[in-house]
Amino acid sequence: TSPGRSGVAVIRISGSAAGSTLAALTGRSAPPAARVATVRELRDPRTHQVLDMALVIYFQGPKSFSGEDSVELHVHGSPAVVEEV
């Protein structure tokens, strides 16, 4: 999502580290089922402070737009939330 004010921002993570990045943000070792929207609490991996409640979608490669594993985080659109995530 482009910078600015919005109700929802979409953050996309793509590549070999997508799954491990999602695990670090959610504290769960396994990603949700592929292509299933799931609500997850996102936390700062260092402080464990709650950052946001997000709608998370995991796309397992090669069945993704980029052909790689990828994750979409649908978070609240506040610039402060997006910056923290």
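Observations
- Computed from backbone phi, the HN-Hα couplings of the range 65-75 come to 4, 8, x, 10, 4, 8, 9, 10, 10, 9, 10 Hz, rounded to whole numbers (Karplus: 6.51 cos²θ - 1.76 cosθ + 1.60, θ = phi - 60°; Gly and Pro given as x).
- Cα shape, the chain, gyration tensor, a/c 1.5 rule: oblate
- Ser29 exposes around 120 Å² of accessible area when a 1.4 Å probe is run over every protein chain in place.
- With an a/c value of 1.5 or above and a/b not larger than b/c for the gyration tensor axes a ≥ b ≥ c computed over the alpha-carbon atoms, the range 11-57 is described as oblate.
- His74 contributes an accessible area of around 40 Å² to the protein surface, as traced by a 1.4 Å probe with all chains present.
- Accessible area per residue for the chain is 63 Å², calculated with a 1.4 Å probe on protein heavy atoms, without ligands, DNA or RNA.
- Accessible surface of the chain [probe 1.4 Å, protein heavy atoms]: carbon and sulfur percent: 55 percent
- Calculated [222 nm] ellipticity per residue, helices only, for the chain: -4500 deg cm²/dmol; basis is -39500 (n - 2.57) per DSSP H run with n ≥ 4, divided by all residues, nearest 500.
- Using C-alpha pairs under 8 Å with a sequence gap of at least 6, the mean separation divided by the residue count of the chain gives a relative contact order of 37 percent.
The values are calculated or read from the model by the stated rules, or taken from the named source; none is laboratory data. All figures in this text were calculated on a predicted structure; none of them were measured in a lab. Quick note on the areas: whole protein, heavy atoms, side chains included, nothing else; ligands and nucleic acids left out. Shrake-Rupley method; radii C 1.70, N 1.55, O 1.52, S 1.80 Å.
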